[in-house]
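**Student:** Let me give you the structure first, and then I'll get to my questions.
The values are calculated or read from the model by the stated rules, or taken from the named source; none is laboratory data. Keep in mind it's a predicted model, so treat the numbers as computed, not measured. We place every Cβ from the backbone using ideal geometry, glycine too, and count neighbours over all the protein chains shown. Just so you know, the surface numbers come from the protein's heavy atoms only, side chains and all, with ligands and any DNA or RNA stripped out. Shrake-Rupley method; radii C 1.70, N 1.55, O 1.52, S 1.80 Å.
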Amino acid sequence: MIRRAATAVMILGAASTACLAEPQDQLTNTNACVECDLSGVHFEGANLLGADLRGANLDDADLRKVTLTASDLRGASLVDADLRGAILGGVNFAEADMRRARFDGAYLTRADFTRAVMHEVSMIDARLDSAVLEGADLSGANLQGVDLYDARLFFSVLSGVRLEGADLSFADVVEAELEEVRTDETTVCPDSEPGPCW
């Protein structure tokens, strides 16, 4: 009986220690940190392939050149996060809050931004070919030189977005809000013709 009690205490002690682990350590050790507070974390260049970060707080995080391919960031907060040069192919950002986040030069092919809040994001020269931005709010975003080939932008808000030099070939912009969108002769429009588009 005494041995069993001692074993139970040891198990409970180990569980308590695991619960008290720093979120950064939890992510590094388990590749998952659901609803964790990772605000301001520095993970520059880290390999977090397939990470589960649903609902995590990554505000002000340094994620430059991080690899998050096929990761789940649904409902995460990435306000003012730095993801320049990151590898984010196939990442699920649905309903994430990414206000003012920086994705310049990032690889976002097939990423899902369904209903994401993306006010004033910077995605200069990023690759978003075949990305899903259905219902996303990109008001005031800088998408200069971005690759949006075959992207799905229907019902998205593109008011005030900069698209000079962007490639929108075959992009679906049905029912998108396009007020004050900035395109020029270097923009490739959804019909594959040179801009200005609207």
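**Student:** Of these, Phe103, Phe155, which one is modelled with pLDDT of 95 or more and on the phi > 0 side of the Ramachandran plot?
**Tutor:** Just one listed residue meets the conditions, Phe155.
**Student:** Scan region 106-116 and tell me whether some residue there is over 23 Å from Asp82 (Cα atoms) and among the basic types (Lys, Arg).
**Tutor:** Looking through region 106-116, none of the residues is over 23 Å from Asp82 (Cα atoms) and among the basic types (Lys, Arg).
**Student:** Considering every residue within region 62-69, establish whether at least one is of a type in the set (Asp, Glu) and either open to solvent by 40 Å² or more (accessible area, probe 1.4 Å) or in a loop (DSSP other than H, G, I, E, B) (or both).
**Tutor:** Scanning region 62-69 turns up no residue that is of a type in the set (Asp, Glu) and either open to solvent by 40 Å² or more (accessible area, probe 1.4 Å) or in a loop (DSSP other than H, G, I, E, B) (or both).
**Student:** May I pose another question? Six or more apart or on different chains, Cβ atoms under 8 Å: show the pairs whose first residue is in region 107-123 and closer than 17 Å to Ala166 by Cα and whose second is of a type in the set (Phe, Trp, Tyr) and at pLDDT 95 or above.
**Tutor:** These pairs meet every condition: Val121/Phe103; Ser122/Phe103; Met123/Phe103.
**Student:** Might you check whether a residue that is touching a Ser or Thr at 6+ places or on another chain (Cβ under 9 Å), surrounded by 10 or more Cβ atoms within 10 Å (Cβ to Cβ) and either at pLDDT 95 or above or within 30 Å of Leu83 (Cα to Cα) (or both) occurs anywhere in region 9-19?
**Tutor:** no
**Student:** Within region 88-123, can you find the residues that are open to solvent by 50 Å² or more (accessible area, probe 1.4 Å) and either assigned to a loop (DSSP other than H, G, I, E, B) or touching a helix residue (DSSP H, G or I) at 6+ places or on another chain (Cβ under 6 Å) (or both)?
**Tutor:** Glu95, Arg99, Arg100, Arg110, Arg115, His119, Glu120
**Student:** I would also like to ask the following. For residues that are open to solvent by 40 Å² or more (accessible area, probe 1.4 Å), in a loop (DSSP other than H, G, I, E, B), farther than 16 Å from Arg182 by Cβ and of a type outside the set (Gly, Ala, Ser), tally how many sit in region 126-163.
**Tutor:** So the count comes out to 4.
**Student:** Additional query: Restricting to region 53-105, count the residues that are polar (S, T, N, Q) and either out of contact with any Asp or Glu (no Cβ under 8 Å at 6 or more places or on another chain) or within 23 Å of Leu163 (Cβ to Cβ) (or both).
**Tutor:** Result for region 53-105: 2.
**Student:** Can you go through Leu83, Leu38, Leu53 and tell me which one is under 22 Å from Asn142 (Cβ atoms), crowded, with 23+ Cβ neighbours inside 10 Å and in contact (Cβ under 8 Å) with a residue 12 or more places away in the chain?
**Tutor:** Leu83
**Student:** Among all residue pairs at least 6 apart or on different chains, which show Cβ distances below 9 Å where the first residue, located in region 19-34, is closer than 14 Å to Gly55 by Cα and the second is of a type in the set (Phe, Trp, Tyr) and modelled with pLDDT of 90 or more?
**Tutor:** Pairs that qualify, where the first residue is closer than 14 Å to Gly55 by Cα and the partner is of a type in the set (Phe, Trp, Tyr) and modelled with pLDDT of 90 or more, are Leu27/Phe43.
**Student:** Among the numbered conditions (1) small (Gly, Ala, Ser); (2) out of contact with any strand residue (DSSP E or B) (no Cβ under 6 Å at 6 or more places or on another chain); (3) under 28 Å from Gly45 (Cα atoms), tell me where Ala176 comes up short.
**Tutor:** (3)
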